[in-house]
Amino acid sequence: MSNYYEQPDFDYMHIMRTMDLMKDHYDEYISYLYEKSCSIIKRNTSVCYYDCTNYYFETECEDEDYVDEVTGEFIKGLRKYGPSKEHRPNPICEMGLFMDAEGIPLSMCISSGSDNEQTTAIPLEKKLTKMLQGKKFIYCADAGLGSLNIRNFNSMGGRAFIVTQSVKKLSSMLQEAVFNDCDYKLLSSNKHISLNYMKTFDRKNPDNLSLYNDHAYKIIDADKAFDVGLYEEKICKNGKVKKVKSKATLKQKIIISFSRKMMEYQRYIRNRQIERAKKLLENIDPETYKKGPHDVTRFIKRISKSKAEENGSDTYILDKEAIEKEEKYDGFYAVATNLDDDAKSILEISMNRYKIEDCFRIMKTNFDARPVYHSTLNRIIAHFMICYTALLIYRILEKLLEEKGYHFSVYNIIETIRNMNVSNIQDMCYMSNYTCSQVCTALNEITGLELDKQYYLPKTLNGKIKLISK
C-alpha cells in the first residue's frame, strides 16, 4: 500500500476483521450496493440473467461438515469436491450470479462445491425479488438452471422465464415437429420459408447474404414437462431418492430457430474433430481409450471380439452413425418460455446470456478472483464479495463510457486505472507517472476529475479524493 497517494492508517489485521464483518452483513451489503448503483445509473431489471461458475482451491482436503452439539445446527463445508468443467482434482466452491439486462451485477451467492447448481437459483431469486421490491422481471438462464421447480417459481408473482432448451432432450413427438419442414418463418420478416431451402441455398452468392445471417423459426406448444425432458425427484420406499421424468404440466412453449450460418460453423468444427479422430485411430492405445461426450473420441467406435476368435483383440473404427446423428441437430437452437411476446424479442433476450459469462471471465482473468488466500468460510465469502464489488464498479464505469459513445476493451480500462500513479517531487508537487490516452480522456469526461495533467499540487489531489468519497 506504500504506492498510494493517501496512505491508509490501518493494518492487515484490520482488513481481516473487516472481512469477518462483511460476511455477517452479507444481505445488507448486497442490497446497499444495488441501492447506491441506482443513484449513479438507471438499472434495467426487466430481465434478470442467472448463471453459476466454480472456483477451485489449491488444497487436497475438502472442508468437513459440522454439527453443533448444543443447537443441532448443521454447517456444511464450503470447499467440497464436485463437478467441474476443468476436471481438476481440487475442492471447489460455487458462485451464483444475477445480472440485469445491461450486464451489470444485481446479486450473488456462494455455496458449497458439491451442491447442485439448480438448488441455488430459487433462494437467491427470493432475495432478489425482495431487493427489487416485488418488481416483475423475466428470469433468463441456460438449460442447466431451468428445472421444473425453477420454471414453476417463475410462473408466479408476475414473473416469467426464458431458458434454453435442448432439442435432443425433446420427446419424439416434439422432435418430429421440429424436423417437419412446415410452419417455419423468417425471423426478420415473418415470411414463410422452407427449412430445406435454408439448408441448401447458395451461401456464397452475395444476394443470399441477408438470408445467411437470418434465422428460421417456429413455435411449438409444450405444456407437458415430460415432453421437454424435465425430471423430478421421487423418494422410494427404501428412502433412496431417484430422478424420474416429470408428468407435471406447465404453461410454456418452445421456440425453435434454425441458422444456416450456425450450421456451417458447427460442421466446420466437427470436421476438424473428425480429422483428429482419424489420426487417433492410426495409433490408438486400447488401455487409455475412454469415450467422452464432448471430445473427439465420441466419433470412435470400439468393436469387441470374442476371445474364441483367432484375433481376440478389440478393433476401433470411425463411428459414422454417431456423426450423422449429431449432424441432424446442426443449426438448431431452442428456448422454452411462458411469455406471449414475439419470437424475435424472446430470442434476442436469450442471446444476451453471453454477458454473464463475460462477467465471470472478467472476475477470473482481470480481477484475479483466484487463487484465494483464505481458508475460513467467512473470509472466503468476503473475498468473493470484494470481487463482486469490483465487477459492479467496473460494469457501471463501462456503462457510463458507453453512454458517451466510448468503447474500450476490459484490459485497456483496467490497466489505465491501475497505472494512474504519481511521484512526490520534494514535497512541492506530484508528477504523474502515466501519459494521457484515449481511455484517460474518456474517464475525465464521465468523472470530471481532470486526471490528464502532468503535475498536481497536494491541495488539488486532496480535493479530488474528497470529491470521490462523497
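Looking only at region 344-360, how many residues end up being over 18 Å from I396 (Cβ atoms) and part of a helix (DSSP H, G or I)?
Count: 10.
Test Q266 against the stated conditions and say whether it is part of a helix (DSSP H, G or I), within 20 Å of D142 (Cα to Cα), of a type outside the set (A, V, I, L, M, F, W, C) and in contact with an Asp or Glu (Cβ under 7 Å, 6 or more places away or on another chain).
On the way: part of a helix (DSSP H, G or I): yes; within 20 Å of D142 (Cα to Cα): yes; of a type outside the set (A, V, I, L, M, F, W, C): yes; in contact with an Asp or Glu (Cβ under 7 Å, 6 or more places away or on another chain): yes.
When the stated conditions are applied, Q266 passes them.
Matching residues to (1) in the same structural domain as M420 (by TED's automatic domain parsing); (2) surrounded by 17 or more Cβ atoms within 10 Å (Cβ to Cβ); (3) at negative phi; (4) not in a helix (DSSP H, G or I):
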{"residue": "T18", "(1), (2), (3), (4)": "no, no, yes, no"}
{"residue": "K23", "(1), (2), (3), (4)": "no, yes, yes, no"}
{"residue": "Y32", "(1), (2), (3), (4)": "no, no, yes, no"}
{"residue": "T45", "(1), (2), (3), (4)": "no, yes, yes, yes"}
{"residue": "C48", "(1), (2), (3), (4)": "no, yes, yes, yes"}
{"residue": "T53", "(1), (2), (3), (4)": "no, yes, yes, yes"}
{"residue": "E58", "(1), (2), (3), (4)": "no, no, yes, yes"}
{"residue": "V70", "(1), (2), (3), (4)": "no, no, yes, yes"}
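Out of Y12, Y81, which single residue is of a type in the set (F, W, Y) and surrounded by 12 or more Cβ atoms within 10 Å (Cβ to Cβ)?
Y81
Name every residue in region 133-169 that is among the hydroxyl-bearing types (S, T, Y) and more than 26 Å from Y32 (Cα to Cα), in order of residue number.
S147, S155, T164, S166
Look through region 169-207, keep the residues that are surrounded by 13 or more Cβ atoms within 10 Å (Cβ to Cβ), of a type in the set (K, R) and in a loop (DSSP other than H, G, I, E, B), and return whichever of them is modelled with the highest pLDDT.
Result: R203.
If we keep just the residues of region 378-433 that are charged (D, E, K, R) and surrounded by 12 or more Cβ atoms within 10 Å (Cβ to Cβ), which is farthest from M19 (Cα to Cα)?
E402
Could you please find all residues in region 310-343 being in a loop (DSSP other than H, G, I, E, B), more than 30 Å from K251 (Cα to Cα) and at pLDDT 90 or above?
none
Return the residue satisfying two criteria in turn: it lies in region 232-263 and is exposed (fewer than 15 other Cβ atoms within 10 Å of the Cβ) and under 25 Å from the mean Cα position of the chain (by Cα), and of such residues it is farthest from I346 (Cα to Cα).
Only one residue fits best here, namely E232.
Which one of L467, L461 is assigned to a helix (DSSP H, G or I) and in contact with a strand residue (DSSP E or B) (Cβ under 7 Å, 6 or more places away or on another chain)?
On the way: L467 fails: in contact with a strand residue (DSSP E or B) (Cβ under 7 Å, 6 or more places away or on another chain).
Of L467, L461, the one residue that is assigned to a helix (DSSP H, G or I) and in contact with a strand residue (DSSP E or B) (Cβ under 7 Å, 6 or more places away or on another chain) is L461.
Among K168, K191, which is the only one that is assigned by TED's automatic domain parsing to the domain that holds V228, among the charged types (D, E, K, R) and touching a strand residue (DSSP E or B) at 6+ places or on another chain (Cβ under 7 Å)?
Values: K168 fails: touching a strand residue (DSSP E or B) at 6+ places or on another chain (Cβ under 7 Å).
Matching residue, one of K168, K191: K191.
Evaluate region 348-369: report whether one residue or more is among the hydrophobic types (A, V, I, L, M, F, W, C), surrounded by 15 or more Cβ atoms within 10 Å (Cβ to Cβ) and over 17 Å from the mean Cα position of the chain (by Cα).
Checking region 348-369: not a single residue is among the hydrophobic types (A, V, I, L, M, F, W, C), surrounded by 15 or more Cβ atoms within 10 Å (Cβ to Cβ) and over 17 Å from the mean Cα position of the chain (by Cα).
Run C93 past the list (1) outside any strand (DSSP E or B); (2) within 19 Å of N378 (Cβ to Cβ); (3) touching a Gly at 6+ places or on another chain (Cβ under 6 Å); (4) not β-branched (V, I, T) and report the number of the one that doesn't hold.
With (1) outside any strand (DSSP E or B); (2) within 19 Å of N378 (Cβ to Cβ); (3) touching a Gly at 6+ places or on another chain (Cβ under 6 Å); (4) not β-branched (V, I, T) applied to C93, the lone miss is (1).
I'd like the full set of residues that are free of Cβ contacts under 8 Å to residues at least 12 places away in the same chain and in contact with an Asp or Glu (Cβ under 9 Å, 6 or more places away or on another chain), limited to region 436-461.
Matches in region 436-461: T441, N444, T460.
Please determine, by comparing only the residues of region 78-106 that are among the hydrophobic types (A, V, I, L, M, F, W, C) and within 18 Å of R370 (Cα to Cα), which one is farthest from the chain's Cα centre (by Cα).
If we filter region 78-106 for residues that are among the hydrophobic types (A, V, I, L, M, F, W, C), which is where we start, we get 78, 92-93, 95, 97-99, 101, 104, 106.
Applying the additional criterion that residues be within 18 Å of R370 (Cα to Cα) yields 78, 92-93, 95, 97.
Values: L78: 21, I92: 17, C93: 15, M95: 10, L97: 8 Å.
This residue is L78.
Looking at region 9-43, which of the residues that are among the aromatic types (F, W, Y) and without any contact (Cβ under 8 Å) to a residue 40 or more places away in the chain is farthest from Y373 (Cα to Cα)?
Top of the filtered list is Y32.
The values are calculated or read from the model by the stated rules, or taken from the named source; none is laboratory data. Every value quoted in this text rests on a predicted model; they were computed, and no experiment measured them. Neighbour counts are summed over all protein chains in view; Cβ atoms, including those assigned to glycine, are modelled from backbone coordinates with ideal geometry.
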